Amino acid sequence: MPDRTRQFGLYGARGEKGSQAAARVLDRLALEGGIITPVTQRRGLRARLRYLDSAPGRQAMREAGITVTPRTLARWTRGEQRPNPANLQRLDAAYRAHRRRNVARHLLTRLNARGGTRVEIHPLDQTTVPDPRRRSLPFRRLRIRRWDDIVSAWQAEDEEALADAWDTELQDLGSDWGKYEWVTSVGFAA
């Protein structure tokens, strides 16, 4: 693969993998319109428990490591008992995973609409890199026309598949696509 960054940060550059930045944007888009009250507050806890009250929701709770009895779950829902802090974190993780699965199809439709979605790529931060080692990296725009592989890898929380899918789309930047494997930020909207 041409010009990929093999030893990122060797000379002081800062940034993150472009696929991780894209996953963060997808997370933000998925949680828009979702529950914003923290799980530590009674309202947030009850809202998450209602959202997870289905067979797929209970499966998401099991996958998150919640192993309480149905009776305890009913007490949580009625407000008679409060989950311990570890279970509160697991409930929030289960909510996020279940929400991610529920909105992935809709998000995919929005991202693929009208010929795809334009992505803005801000190159890595080289302010601490010595002058002779700096590269000229302009801000780039890219239209991703097919988001299927990216969204399915994001939905499955498979970081390796997401990185591969993201790098495949970056190749549309031309021969210098490897310079944009690490970025300061990625932006897009759907």
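What about residue 152, is it among the small types (Gly, Ala, Ser) and surrounded by 14 or more Cβ atoms within 10 Å (Cβ to Cβ)? Spell out how you get there, then give the answer.
Working: among the small types (Gly, Ala, Ser): yes; surrounded by 14 or more Cβ atoms within 10 Å (Cβ to Cβ): yes.
Yes: the conditions hold for residue 152.
Answer with yes or no whether residue 77 is closer than 30 Å to residue 40 by Cα, open to solvent by 30 Å² or more (accessible area, probe 1.4 Å) and in contact (Cβ under 8 Å) with a residue 12 or more places away in the chain.
Details: closer than 30 Å to residue 40 by Cα: yes; open to solvent by 30 Å² or more (accessible area, probe 1.4 Å): yes; in contact (Cβ under 8 Å) with a residue 12 or more places away in the chain: yes.
Here the answer is yes, as residue 77 does meet what is asked.
Inspect all residues belonging to the stretch 99-117 and state whether any of them is more than 30 Å from residue 178 (Cα to Cα), at pLDDT 95 or above and under 20 Å from the mean Cα position of the chain (by Cα). No, the stretch 99-117 has no match at all. Within the stretch 103-115, identify whether any single residue is outside any strand (DSSP E or B), among the hydrophobic types (A, V, I, L, M, F, W, C), under 19 Å from residue 27 (Cβ atoms) and open to solvent by 10 Å² or more (accessible area, probe 1.4 Å), and answer yes or no. Within the stretch 103-115, one or more residues are outside any strand (DSSP E or B), among the hydrophobic types (A, V, I, L, M, F, W, C), under 19 Å from residue 27 (Cβ atoms) and open to solvent by 10 Å² or more (accessible area, probe 1.4 Å). Starting from residues that are within 16 Å of residue 101 (Cα to Cα), touching a Phe, Trp or Tyr at 6+ places or on another chain (Cβ under 9 Å) and of a type outside the set (A, V, I, L, M, F, W, C), keep the ones in the stretch 29-52 and report whichever is surrounded by the most Cβ atoms within 10 Å (Cβ to Cβ). Across the stretch 29-52, the extreme among qualifying residues is 48.
When you check residue 118 against the structure, is it part of a helix (DSSP H, G or I) and either over 26 Å from residue 171 (Cβ atoms) or among the basic types (Lys, Arg) (or both), yes or no? Break it down into steps so the answer makes sense when it comes.
Details: part of a helix (DSSP H, G or I): no; either over 26 Å from residue 171 (Cβ atoms) or among the basic types (Lys, Arg) (or both): yes.
Taking the combined requirement at face value, the residue does not satisfy it.
Within the stretch 54-62, identify whether any single residue is open to solvent by less than 40 Å² (accessible area, probe 1.4 Å) and without any contact (Cβ under 8 Å) to a residue 12 or more places away in the chain, and answer yes or no. Yes, because at least one residue in the stretch 54-62 is open to solvent by less than 40 Å² (accessible area, probe 1.4 Å) and without any contact (Cβ under 8 Å) to a residue 12 or more places away in the chain. For the stretch 142-181, a tally of residues being under 23 Å from residue 30 (Cβ atoms) and without any contact (Cβ under 8 Å) to a residue 24 or more places away in the chain returns 8. The set of residues in the stretch 40-53 that are closer than 17 Å to residue 78 by Cβ and touching a residue at least 40 places away in the same chain (Cβ under 8 Å) comprises 45, 48, 49, 51, 52.
It is to be established whether one or more residues within the stretch 75-89 are within 29 Å of residue 189 (Cα to Cα) and either more than 21 Å from the chain's Cα centre (by Cα) or in a helix (DSSP H, G or I) (or both).
Of the residues in the stretch 75-89, the ones within 29 Å of residue 189 (Cα to Cα) are 89.
When the remaining residues are screened for being either more than 21 Å from the chain's Cα centre (by Cα) or in a helix (DSSP H, G or I) (or both), the result is 89.
Yes, the stretch 75-89 contains at least one residue that is within 29 Å of residue 189 (Cα to Cα) and either more than 21 Å from the chain's Cα centre (by Cα) or in a helix (DSSP H, G or I) (or both).
Looking at 157, 169, which one is exposed (fewer than 15 other Cβ atoms within 10 Å of the Cβ), at pLDDT below 95 and within 13 Å of residue 19 (Cα to Cα)?
Values: 169 fails: exposed (fewer than 15 other Cβ atoms within 10 Å of the Cβ).
It is 157.
Which residues, counting only those in the stretch 86-107, are basic (Lys, Arg) and within 15 Å of residue 56 (Cβ to Cβ)?
So the first thing to find is which residues in the stretch 86-107 are basic (Lys, Arg), and the list is 90, 96, 99-101, 105.
Within the stretch 86-107, 96, 99, 100, 101, 105 qualify.
To keep it simple, each residue is scored yes or no on (1) under 29 Å from residue 60 (Cβ atoms); (2) touching a helix residue (DSSP H, G or I) at 6+ places or on another chain (Cβ under 6 Å); (3) exposed (fewer than 14 other Cβ atoms within 10 Å of the Cβ).
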| residue | (1), (2), (3) |
| --- | --- |
| 132 | no, no, yes |
| 174 | no, no, yes |
| 178 | no, no, no |
| 183 | no, yes, no |
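Here residue 190 passes the criteria (1) crowded, with 17+ Cβ neighbours inside 10 Å; (2) more than 28 Å from residue 58 (Cβ to Cβ); (3) small (Gly, Ala, Ser) except the one numbered (1).
The values are calculated or read from the model by the stated rules, or taken from the named source; none is laboratory data. Computed from a predicted model, the values in this text were never measured in an experiment. With ideal geometry, Cβ positions are generated from the backbone for all residues, glycine too; neighbour counts draw on all protein chains shown. These accessible areas exclude ligands, DNA and RNA; they are computed on the full protein's heavy atoms, side chains included. Shrake-Rupley method; radii C 1.70, N 1.55, O 1.52, S 1.80 Å.
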